[in-house]
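Each remark here refers to the structure printed beneath this line.
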Amino acid sequence: MTILALIVLIAVGAILLAGLVGLVALTRRRPKLPTPPRPDGPIITGGAEASTDPETTDPGTTDGIPPDTTAGTTTLERPESTASRLVRLRQRLAGSQGGLGRGLLALLSRDRIDEDTWESIEDTLLTADIGVGPTQELVDRLRTRLRVEGGRMPVRDVLREELVTLVDPTLDRRLGVAGTDGRPGVVLMVGVNGTGKTTTVGKLARILVAEDKTVLLGAADTFRAAAAEQLTTWGERVGVEVVSGPEGGDPASVAFDAVRQGLERTVDVVIVDTAGRLQNKAGLMDELGKVKRVVEKQAPVTEVLLVLDATTGQNGMTQARVFSEVVDVTGIVLTKLDGSAKGGIVVAVQRALGVPVKLVGLGEGPDDLAPFDPHTFVDALLGDG
Ligand code: GDP
């Protein structure tokens, strides 16, 4: 009898303990969202129920609709505008990349530039990951100009001009986010896990919301359990919804679903996060190829952004080549430039893929993503002096 009572006691204890553990886990998982003021621009209100109501999903009718408090999001953030991002990001770029510009300037400003100095200039450029070809080109042009123009133009201005030419201001860096025939623009985000792909989807959604566009996200990275949850947290903050599927499910079917819902709800842009497992090339090709094919049954893909981590140097370049052989990459996002002094990768990767860097990530903050601008970049390299 006492043994039976003991067993019952243990069983009840175990159930209570399991309940307590579950409760703690649930509380921990709930994202903590700040509650800044609600934006005024047209946005999709959060919450699954709101999403199925065509009235609330029509961008023309969302203005003035109060946020859906049942979804747990009471107020929405107003993302930073592009103009003020650029000012702030320029300062951050100057911090991480300033050494390169200042180093070059110091070498080029010497009274006499001998062969050793030119060699040091080459080393500085190579260390910044600009790449062998572009380094040689830049050094040749600088040599010629300094010899021919000798002193007529300040060294700093010559260097600025040549660096801007190297980064190439003629490339079209606008994002393809405009759809045709009333269909949404479709952005595919591709890249290896860990490069900042999912974070960039969230940050890009914020840029588009700041530009008064309606956005829907597709969490097609079904292989990483946390990816959909991560996107939902990003989306909730600015009233952008996320279409996701079962963990380990077919990424293409989530992508298909996201674009279908984007069409139905007449949003401006659908951004699809894809899986970035670095498996063999054939597997990657199958996966991304299928995602693109099924999406295009409904709307053309208007932009394929390849996300690269600036801190990975040559490794990143190898990844970039593999991805560009698998999908038609139309733009590059260079993340983590804040944590790398190797801004030269901008030049190297553009040359290698023949595709412009369109966005740069300069921190983990929600608004630490900005359009890439060659002049701002070079000015940050050279500092204000
Ligand atoms: P994914 O696996 O490619 O989707 O990568 P995540 O989006 O999960 O990002 C991986 C890590 O990189 C996270 O800790 C991000 O906060 C961080 N990260 C992303 N972009 C940047 C950036 O521009 N700068 C810095 N410093 N960290 C970043």
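Can you pull out every residue in the stretch 73-93 that is surrounded by fewer than 21 Cβ atoms within 10 Å (Cβ to Cβ), farther than 15 Å from residue 363 by Cα and in contact (Cβ under 8 Å) with a residue 40 or more places away in the chain?
Of everything in the stretch 73-93, those that are surrounded by fewer than 21 Cβ atoms within 10 Å (Cβ to Cβ), farther than 15 Å from residue 363 by Cα and in contact (Cβ under 8 Å) with a residue 40 or more places away in the chain turn out to be 75, 78, 81, 82.
Kindly provide the set of residues from the stretch 341-365 that are open to solvent by 30 Å² or more (accessible area, probe 1.4 Å), touching a residue at least 12 places away in the same chain (Cβ under 8 Å) and either within 16 Å of residue 169 (Cα to Cα) or within 10 Å of the ligand (Cβ to nearest atom) (or both), ordered by number.
351, 364
Could you list, in sequence order, all residues of the stretch 348-371 that are closer than 26 Å to residue 106 by Cβ and touching a strand residue (DSSP E or B) at 6+ places or on another chain (Cβ under 9 Å)?
360, 362 - these are the residues of the stretch 348-371 that are closer than 26 Å to residue 106 by Cβ and touching a strand residue (DSSP E or B) at 6+ places or on another chain (Cβ under 9 Å).
Go through the stretch 225-238 and give me each residue that's charged (D, E, K, R) and buried (at least 21 other Cβ atoms within 10 Å of the Cβ).
237
Can we say residue 228 is more than 13 Å from the ligand (Cβ to nearest atom), assigned to a helix (DSSP H, G or I) and free of Cβ contacts under 8 Å to residues at least 24 places away in the same chain? Break it down into steps so the answer makes sense when it comes.
Values: more than 13 Å from the ligand (Cβ to nearest atom): no; assigned to a helix (DSSP H, G or I): yes; free of Cβ contacts under 8 Å to residues at least 24 places away in the same chain: yes.
No: the conditions fail for residue 228.
Restricting to the stretch 113-151, and then to whatever is in a helix (DSSP H, G or I) and small (Gly, Ala, Ser), can you tell me which residue is surrounded by the most Cβ atoms within 10 Å (Cβ to Cβ)?
Filtering the stretch 113-151 for residues that are in a helix (DSSP H, G or I) and small (Gly, Ala, Ser), the one surrounded by the most Cβ atoms within 10 Å (Cβ to Cβ) comes out as 120.
Specify the residue that is farthest from residue 324 (Cα to Cα); the eligible residues are those in the stretch 239-265 that are among the aliphatic types (A, V, I, L, M) and open to solvent by less than 30 Å² (accessible area, probe 1.4 Å).
Top of the filtered list is 240.
Looking at (1) at pLDDT 90 or above; (2) crowded, with 19+ Cβ neighbours inside 10 Å, can you tell me which one residue 101 breaks?
Unmet for residue 101, out of (1) at pLDDT 90 or above; (2) crowded, with 19+ Cβ neighbours inside 10 Å: (1).
Please list, ordered by first then second residue, the pairs with beta carbon atoms under 8 Å, 6 or more apart or interchain, first in the stretch 133-156 and farther than 20 Å from residue 382 by Cα, second open to solvent by less than 40 Å² (accessible area, probe 1.4 Å) and at pLDDT 90 or above.
149/158
Let me confirm something: among 338, 286, which residue is away from the ligand (no atom under 16 Å from the Cβ) and at pLDDT below 90?
Selected residue: 286, the only one of 338, 286 that is away from the ligand (no atom under 16 Å from the Cβ) and at pLDDT below 90.
So is residue 277 out of contact with any Phe, Trp or Tyr (no Cβ under 9 Å at 6 or more places or on another chain) and at negative phi or not? Talk me through it step by step, then tell me what you get.
Numbers: out of contact with any Phe, Trp or Tyr (no Cβ under 9 Å at 6 or more places or on another chain): no; at negative phi: yes.
Spelling it out, it is not the case that residue 277 is out of contact with any Phe, Trp or Tyr (no Cβ under 9 Å at 6 or more places or on another chain) and at negative phi.
Which one is surrounded by the fewest Cβ atoms within 10 Å (Cβ to Cβ) among residues in the stretch 205-224 that are in contact with a Gly (Cβ under 8 Å, 6 or more places away or on another chain) and part of a helix (DSSP H, G or I)?
The residue in question is 210.
Only residues that are over 20 Å from residue 360 (Cα atoms), touching a residue at least 40 places away in the same chain (Cβ under 8 Å) and outside any loop (DSSP other than H, G, I, E, B): list them for the stretch 94-112, please.
Hits for the stretch 94-112 are 102, 104, 105, 108.
Do you know which residues across the stretch 284-331 are within 22 Å of residue 182 (Cα to Cα), open to solvent by 70 Å² or more (accessible area, probe 1.4 Å) and in contact with a strand residue (DSSP E or B) (Cβ under 9 Å, 6 or more places away or on another chain)?
Listed by number, the list holds a single entry, 296.
If you take the residues in the stretch 175-204 that are open to solvent by 50 Å² or more (accessible area, probe 1.4 Å), out of contact with any Leu (no Cβ under 9 Å at 6 or more places or on another chain) and in contact (Cβ under 8 Å) with a residue 12 or more places away in the chain, which one is farthest from the ligand (Cβ to nearest atom)?
180
Cβ-Cβ under 7 Å, sequence separation 6+ or interchain: first residue in the stretch 116-127 and farther than 14 Å from residue 142 by Cβ, partner surrounded by 15 or more Cβ atoms within 10 Å (Cβ to Cβ). Which pairs?
As it stands, the answer is 126/135, since those pairs meet every condition given.
Check off (1) at pLDDT 90 or above; (2) over 19 Å from the mean Cα position of the chain (by Cα); (3) more than 22 Å from residue 98 (Cβ to Cβ) for residue 331 and give me the number that stays unchecked.
Every listed condition holds for residue 331 apart from (2).
Looking only at the stretch 266-283, filter to residues that are open to solvent by 20 Å² or more (accessible area, probe 1.4 Å) and touching a residue at least 40 places away in the same chain (Cβ under 8 Å); which one of those is farthest from the ligand (Cβ to nearest atom)?
Only one residue tops the list, namely 266.
The values are calculated or read from the model by the stated rules, or taken from the named source; none is laboratory data. Note that the structure is predicted; figures quoted are calculated from it, not measured. Neighbour counts are summed over all protein chains in view; Cβ atoms, including those assigned to glycine, are modelled from backbone coordinates with ideal geometry. Surface areas here come from the heavy atoms of the whole protein model, side chains and all, with no ligands, DNA or RNA. Shrake-Rupley method; radii C 1.70, N 1.55, O 1.52, S 1.80 Å.
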